[in-house]
Each structure stands twice: as C-alpha cells, then as structure tokens.
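Data block below; observations after.
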Amino acid sequence: MTHVVIVGAGFAGLATVSGLSKAGAEVTIIDKKLYSTFQPLLYQVATGGLNPGDIAYPVGGFVGRRKWRRSARYLRGEVASVDAGGQRLKLTGGREVGYDYLILATGVAAAYFGVEGAAENTFGLYTRADAIVLRDHIMNGYERMSGNGERDFNVVVVGGGATGVELAGTLGELRGAVLRATFPDVDPQRVHVRLVEMAPGLLMPFGERLRDYARRQLVGRGVDIRLGTEIKAVRPGSVLLGDGQVLPSDLTVWAAGVAAPAAMAD
Ligand SMILES: Cc1cc2nc3c(=O)[nH]c(=O)nc-3n(C[C@H](O)[C@H](O)[C@H](O)COP(=O)(O)OP(=O)(O)OC[C@H]3O[C@@H](n4cnc5c(N)ncnc54)[C@H](O)[C@@H]3O)c2cc1C
C-alpha cells in the first residue's frame, strides 16, 4: 500500500487525510500539537468571546474515527528535516519516518515586510497560543485602567483584511458593551482602537458594497480607521507612520495579510 505522510493537521492536512484514505492510501499525519486549530475564530478567543478549547479539537480523535482506523494514523512530533532523496523525514528528538509521498501542510507565519521593530513589538494571531497571549494583554490593559481614571488604553491593529477587521470590530464592541458591565469605573472614551491599512480600502478582495458596510460597522463601533497609511516602524509603546505621525500604542497587533510558509527547523 502506498504510504503518504502529511505534515500539519490544519484544514489542509485533515482534508487530505480524508481524501487519501478514501483513495486507498495508508496515511500518517504528523503534527507537533495534539490538536487542530479552527483559525477563523481565533479573534473570538483573543477577545474573550470563546474559550481556547472551543476552537481546538484533537487530531488523534479525528484520525481515529472508525472509517479511517485502518488506513490513517496520527503521530505527534515536530518535523525538523526532510531527506527528499532518501524519502525520510526526521522529527525533533531523532525519530525517522519513511514515506512514498510527502505532503507539507505546515501553514503560514506572519510576514513583516521588513518593517522595523514589527516582529519584536507586535502580537500575531495565527495560533491558539497567540490568541491566549493577546487576550491576556487586552484584559490587562482594561485592568490597568480600572482604578486609574487618567489612563488611556491604545490598541493599534495593523492590516485591514479579514483578521484585522474582525479583531478591531470586536474590540470596538467590547468597549461599547462589555467594558461598561465589567469595569464600570473605566471611561470607554479612553480606549482607542485604531486600524491601519496601507491599501485605500478595507477588505480589498471583497465587493465595494460589502467593504463599505464593514467600514461603516467599524466606524459605528468607534474604530479609528487609517486607510492608505504605511507603517514605518513599531516601537515599544508607539507606531511610527510613513508620514512621520506617531500613534501611541500599548498593544500592537500584526494582522497584515500576506504570510510566508511556516519554516521548519532545517
Ligand atoms: C485569524 C484568522 C482568521 C481566519 N479566518 C478565516 C475565515 O473566516 N474563513 C476562511 O476561509 N479562512 C480563514 N482563515 C484562514 C484559514 O484559517 C487558514 O487558511 C487555514 O486554517 C490554513 O490551514 P492550513 O492547514 O494550511 O494550516 P494550519 O491550520 O496553520 O495548520 C498547520 C499545522 O502544521 C503544524 N506544523 C507546522 N510546522 C510543523 C512541523 N515542523 N512539524 C509538525 N507540525 C507542524 C501546526 O502545528 C499546525 O497544526 C483565517 C486565518 C486566521 C489566522
């Protein structure tokens, strides 16, 4: 039987298990994590609407379903290198796995386009761990304001694609409704959510009517939208724009669309 190894148990890897098992192949799916993440709802975890477990499901449970039990298996491990000529890959720790065909479905990592300080001073939203870290920082920001009436909380979201729009919109919603209920002593006007996008519009791949709707929804939630705006540098506590303006930022989220393949160790 042909043995196919799939690295990565995201949407791509799991869909491929299903297709190849039906086609009669023996499939091994390898992931460094025990669970697969439903990325479209990461922003809900980051803003406290969902719990981390709500968007994660165990890979072993998925692969171990009765219909695949004989043809597919899950192996936990991090792929460190691939020997394409020898048709083998090596996991961190040294274990080797042979294959007839190899499918790399390891997802993406953020691209920072060479913006100074972006990698060091921003938070991403690609993994469940990212969402938990971001949530802690958002909640800490509110907690720091509570009992300190003079303090502002500035959030800058970089990127007006789907992730940036969803996140900025939910932060605006939080400020409007949840903040009042949870931190009644915090003045919502002191929470500033700014969305910076280099393109002339939000959600550029979408139709104009939908883009305009999204923009109006964000404005209605008090999000300050900066279109056609380049980010020059991200520093601790501030974001420098292309025109020299400096935005204060206690929390900068990098949601700037295009991403690079997630690298392997080797
Ligand atoms: C915040 C956010 C919101 C989104 N919203 C939407 C949406 O609304 N609608 C939509 O259609 N799409 C959305 N997307 C895009 C969609 O979620 C992704 O395109 C999709 O999840 C990518 O799936 P994937 O299988 O390619 O990669 P991933 O889901 O990233 O899976 C890659 C897997 O590979 C594993 N891995 C990586 N390196 C190694 C290694 N060396 N060894 C072992 N395992 C490894 C990782 O642990 C991970 O489990 C969104 C994405 C994000 C980040």
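The values are calculated or read from the model by the stated rules, or taken from the named source; none is laboratory data. This one's a predicted model, so the numbers in the text were calculated from it and none came from an experiment. Cβ coordinates were reconstructed from backbone atoms using ideal geometry, including for glycine residues, and neighbour counts include every protein chain displayed. Only protein heavy atoms, including side chains, enter the accessible area calculation; ligands, DNA and RNA are left aside. Shrake-Rupley method; radii C 1.70, N 1.55, O 1.52, S 1.80 Å.
Couple of notes before you dig in:
- Where a residue in segment 187-198 is of a type in the set (D, E, K, R) and its partner, wherever it lies, is open to solvent by 50 Å² or more (accessible area, probe 1.4 Å), with Cβ under 8 Å and at least six apart: Asp187/Gly149; Arg190/Arg151; Arg190/Asp152; Arg194/Asp224; Arg194/Arg226; Glu197/Arg226; Glu197/Leu227; Glu197/Gly228
- Of all residues in segment 128-154, those satisfying the criterion of being in contact with a helix residue (DSSP H, G or I) (Cβ under 6 Å, 6 or more places away or on another chain) and away from the ligand (no atom under 16 Å from the Cβ) are Arg151, Asp152, Phe153.
- The sole residue among Val79, Val45 that is near the ligand (Cβ under 10 Å from one of its atoms), buried (at least 17 other Cβ atoms within 10 Å of the Cβ), over 30 Å from Leu179 (Cβ atoms) and not assigned by TED's automatic domain parsing to the domain that holds Thr182 is Val79.
- Subset of segment 196-221 that is in contact with a helix residue (DSSP H, G or I) (Cβ under 8 Å, 6 or more places away or on another chain) and open to solvent by less than 40 Å² (accessible area, probe 1.4 Å) - its residue that is nearest to Leu171 (Cα to Cα): Leu218
- Considered as a group, the residues in segment 106-116 that are farther than 30 Å from Gly53 by Cα and not small (Gly, Ala, Ser) include one that is surrounded by the most Cβ atoms within 10 Å (Cβ to Cβ), and that residue is Val115.
For every residue, the table says whether it meets (1) touching a strand residue (DSSP E or B) at 6+ places or on another chain (Cβ under 8 Å); (2) open to solvent by less than 30 Å² (accessible area, probe 1.4 Å); (3) at pLDDT 95 or above.
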| residue | (1), (2), (3) |
| --- | --- |
| Tyr74 | yes, no, yes |
| Tyr99 | yes, yes, yes |
| Leu104 | yes, no, yes |
| Ala118 | yes, yes, yes |
| Ala131 | no, yes, yes |
